[in-house]
Amino acid sequence: MGQARQKKLAGQSFEQVHQEWLSTLSPEELVVADVASTVHKKIVKEGGMTGGCYHLSFFLKRYLKKEKNIDVDVVVGWVGEDSWDGVASHAWVEFNGKKVDVALNNTEHPEFVPTGDFILLDRVMRKGGTTYSYYRDIPEKSKKALAEMAKAPDTSSGVKATHARHARMSSMVDNNEAIDDYLRSVPTGGNYEQLTKQAFLNS
C-alpha cells in the first residue's frame, strides 16, 4: 500500500473506510455482504451460536440461492493457528473466490479454542483472539500432530469422530437436496425457517 493511501486511511473513521470498501463491491457482492453481516450479528453475536461453521455455511448457501438467486460455494476444509501444530475441521463460504466466515468469531470455549476473525469477502470485519490460516486439505506440517492424536487413548475417538463428520459434511457441499435435509433435521432448533426468522424477520 502506498504512503498516500496509508495517510488517507489513517485520517478516516472506520465507517468512512467501510463505506469506501463497500463502494468497490459488485451488486451481488453487496447482497452477500449484507446477508452474511446480518447472520453474524443476529445469530452469532446476539444469538450466541458457537460451533456453527457447517450449519451457518450451509444456511448461507441455501438462503442466498433461495431468496437472492446468488450461488456461493461452501468449503469444508481446515484451520490452524500458531499455538499448536494440528488443524481443526472448519467450513466457510466463498463467493467469486472471496472468503466469508461468520462462525469462527465466536467459539464455545475461547480460553481453549481462541476466537477467529469475522471475515467478509476477504476483509476482516471483526478481529478475533488469534489469526487462523485456512486450508482446503490438511497441510503436511499438521499430519504428524493429527496422527499422534489419533493414537493417543484420550484423543483417538475425538479425532476419528472429527474426520467422520468432516467427510460427511464434505460430501454435501454440492448437493442442495442433502443440505436441505440437513437443515430440516437439525435437532437444536436452528432449522432453515428458524434461522431465517431469527436473522431477517426479527430485526
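Show me the helices (runs of 4 or more DSSP H) found entirely inside region 135-203 where at least 1 residues are among the small types (G, A, S) and under 22 Å from V76 (Cβ atoms).
By residue number, 140-151, 156-170, 176-185.
When you scan region 83-99, how many residues do you find that are over 22 Å from R123 (Cβ atoms) and out of contact with any strand residue (DSSP E or B) (no Cβ under 7 Å at 6 or more places or on another chain)?
Qualifying residue count, region 83-99: 3.
Evaluate the following for A199: is it within 14 Å of S89 (Cβ to Cβ), surrounded by 14 or more Cβ atoms within 10 Å (Cβ to Cβ) and in contact with a Lys or Arg (Cβ under 8 Å, 6 or more places away or on another chain)?
Here the answer is no, as A199 does not meet what is asked.
Can you name every residue in region 158-194 that is surrounded by fewer than 11 Cβ atoms within 10 Å (Cβ to Cβ) and hydroxyl-bearing (S, T, Y)?
S185, T188
Hey, could you check region 76-100 for residues that are polar (S, T, N, Q) and more than 12 Å from the chain's Cα centre (by Cα) and say which is modelled with the lowest pLDDT?
Once the filter is applied, the top-ranked residue is S83.
Considering only residues that are closer than 22 Å to A167 by Cα and assigned to a helix (DSSP H, G or I), which ones fall in region 54-90?
Y54, H55, L56, S57, F58, F59, L60, K61, R62
Looking at region 99-124 only, could you name the residues that are in contact (Cβ under 8 Å) with a residue 60 or more places away in the chain and surrounded by fewer than 19 Cβ atoms within 10 Å (Cβ to Cβ)?
Selection gives R123 alone.
The values are calculated or read from the model by the stated rules, or taken from the named source; none is laboratory data. If you're wondering where the values come from, they're calculated on a predicted model, not measured in any experiment. Cβ coordinates were reconstructed from backbone atoms using ideal geometry, including for glycine residues, and neighbour counts include every protein chain displayed.
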